[in-house]
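Peer 1: This structure is in structure tokens; I'll ask about it shortly.
All of the numbers you see were taken from the coordinates with simple rules; none came from a lab. Note that the structure is a prediction, hence the values are computed from the model and not measured. Note: ideal-geometry Cβ built from the backbone for every residue, glycine included; neighbour counts use all protein chains shown.
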Amino acid sequence: MVLHIGVVGLGCDWESRHRPALHSLQDRFKVEFICDEVALRARNAASQFNAMAPNGFRRAISADHIDAVFLLDQQWSGLLPMQSACAAGKAVYLNTALEMDADSQSELVRLIETTKVPFMIEFPRRFAPATIRLKELIATQLGQPKLIFCHHRITPANGSSSPRSLIIQRYLAEIFDWCRYIVDGKPESLFSVSYPRAEQPNDIEYQMLSVDFQSKEDPARRVVAQISAGTYLRSDWPEAVSFRPPAAMQVCCENGIAFIDLPNTLIWFNGAGRHMESLEGERPVGERLLASFHRLLENGNHHFDCLNEFRESTRVIQAARQSIAENRRIVF
């Protein structure tokens with residue numbers, strides 16, 4: 001089955017993730033139109049897929065031959081593309097939900113629950129080859145996690161026009177979901193701190209969460225995850241931007257420790273020594289995400305409940321704000 005799709009907002013992941021995946025999966029997706037707030041960028045992208053670049057998205061979304069809409073960036077139009085897609089009964093693929101403010105996220109949940117349109121929200125770290133391999137090692141070699149450390153340095157190239165607090169919010173929400181997937185449990189409590197942005201004290205440039213998880217396999221077992229993200233690197237520090245990036249995840253388990261460099265490298269240690277695995281030959285994250293969305297529309301087969309995971313991530317972010325405001329640990 002070939003899905004006829006429209007793209008609204010190209011976003012910072014277009015070149016690295018979405019465009020290559022759509023090219024590779026042309027037997028499953030046919031791009032019919034691309035809209036972006038920068039018209040020239042939309043025309044250039046559309047020409048690569050022999051697609052249209054209409055001036056507006058409303059009529060393009062509601063066309064009978066469109067099966068799904070990819071919303072890949074937060075732009076001037078806000079929730080209007082989402083509202084148009086839901087009103088037209090189109091399936092929705094979202095790469096913007098975790099960077100919305102709280103009111104927009106609540107409206108998004110209401111739209112999905114009211115209209116029942118098929119949808120998928122991106123949680124890319126779940127689909128990384130290194131993540132899938134780590135889950136296998138936890139089950140077979142490393143044993144259950146005890147401590148998890150994740151820090152993401154948001155470089156200028158990763159940024160967007162959104163306030164820095166919302167950019168950081170997106171990465172914290174993605175990483176929290178990643179940790180929850182690795183732990184296979186639920187959060188019990190968290191404590192959060194942030195550091196204000198000097199030129200805009202109402203905004204931030206760093207935030208950290210310390211989350212206690214309860215393991216589903218053993219409710220008495222606790223796993224602590226330390227999650228942080230920051231935009232403190234400046235574009236006029238080019239050497240600092242590229243200097244020795246930390247491992248995306250460090251996981252201390254019962255029988256060893258693992259280090260992940262996304263998306264394809266996993267180094268782990270146990271009593272037998274060091275083991276390095278490079279998974280370059282595996283299918284890229286973008287293709288895995290889009291293939292999962294295609295399965296969802298083709299036969300309703302989807303391996304995790306996006307809306308439930310989205311609710312859980314937004315609940316944690318809201319609790320983190322409360323923790324900062326009240327300077328205390330929040331218990332769920």
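Peer 1: Which ones in region 102-149 are within 23 Å of Phe310 (Cβ to Cβ) and part of a loop (DSSP other than H, G, I, E, B)?
Peer 2: Within region 102-149, Lys116, Val117, Pro118, Glu122, Phe123, Ala128 qualify.
Peer 1: Going by the conditions given, is Lys146 at positive phi and not hydroxyl-bearing (Ser, Thr, Tyr)?
Peer 2: Numbers: at positive phi: no; not hydroxyl-bearing (Ser, Thr, Tyr): yes.
For Lys146, the condition - at positive phi and not hydroxyl-bearing (Ser, Thr, Tyr) - is not met.
Peer 1: Across region 261-282, which residue is surrounded by the most Cβ atoms within 10 Å (Cβ to Cβ) among those that are in contact (Cβ under 8 Å) with a residue 40 or more places away in the chain, in contact with a Phe, Trp or Tyr (Cβ under 9 Å, 6 or more places away or on another chain) and not polar (S, T, N, Q)? Break it down stepwise before answering.
Peer 2: Filtering region 261-282 for residues in contact (Cβ under 8 Å) with a residue 40 or more places away in the chain gives 261-266, 268, 270, 277, 279, 282.
Within this subset, residues satisfying the condition of being in contact with a Phe, Trp or Tyr (Cβ under 9 Å, 6 or more places away or on another chain) are 263, 265-266, 268, 277.
With not polar (S, T, N, Q) added as a condition, the list becomes 263, 266, 268, 277.
Values: Pro263: 21, Leu266: 24, Trp268: 21, Glu277: 15.
Within region 261-282, the match that is surrounded by the most Cβ atoms within 10 Å (Cβ to Cβ) is Leu266.
Peer 1: If Asp27 passes every condition in (1) in a helix (DSSP H, G or I); (2) out of contact with any Gly (no Cβ under 8 Å at 6 or more places or on another chain); (3) surrounded by fewer than 16 Cβ atoms within 10 Å (Cβ to Cβ) but one, which one does it miss?
Peer 2: If we test Asp27 against (1) in a helix (DSSP H, G or I); (2) out of contact with any Gly (no Cβ under 8 Å at 6 or more places or on another chain); (3) surrounded by fewer than 16 Cβ atoms within 10 Å (Cβ to Cβ), just (1) comes out false.
Peer 1: crowded, with 19+ Cβ neighbours inside 10 Å, over 19 Å from the mean Cα position of the chain (by Cα) and within 21 Å of Tyr181 (Cβ to Cβ): which single residue out of Leu98, Leu137 fits that description?
Peer 2: Sole residue among the options that is crowded, with 19+ Cβ neighbours inside 10 Å, over 19 Å from the mean Cα position of the chain (by Cα) and within 21 Å of Tyr181 (Cβ to Cβ): Leu137.
Peer 1: Let me ask you something else. Identify, please: which residue in region 161-184 is assigned to a helix (DSSP H, G or I) and of a type in the set (Gly, Ala, Ser) and is, among those, nearest to Thr131 (Cα to Cα)? Steps first, please.
Peer 2: Within region 161-184, the first condition is being assigned to a helix (DSSP H, G or I), and the residues that meet it are 164-183.
Now narrow it down to the ones that are of a type in the set (Gly, Ala, Ser): 165, 173.
On the way: Ser165: 27, Ala173: 17 Å.
The selected residue is Ala173.
Peer 1: Going by the conditions given, is Ala320 among the hydrophobic types (A, V, I, L, M, F, W, C) and without any contact (Cβ under 8 Å) to a residue 12 or more places away in the chain?
Peer 2: no
Peer 1: I would also like to ask the following. Please verify whether Asp103 is of a type in the set (Asp, Glu) and without any contact (Cβ under 8 Å) to a residue 60 or more places away in the chain, treating the condition exactly as stated.
Peer 2: It is true that Asp103 is of a type in the set (Asp, Glu) and without any contact (Cβ under 8 Å) to a residue 60 or more places away in the chain.
Peer 1: If you check Arg295 against the conditions, is it within 15 Å of Ala130 (Cα to Cα) and not in a strand (DSSP E or B)?
Peer 2: So Arg295 does not fit the description; no.
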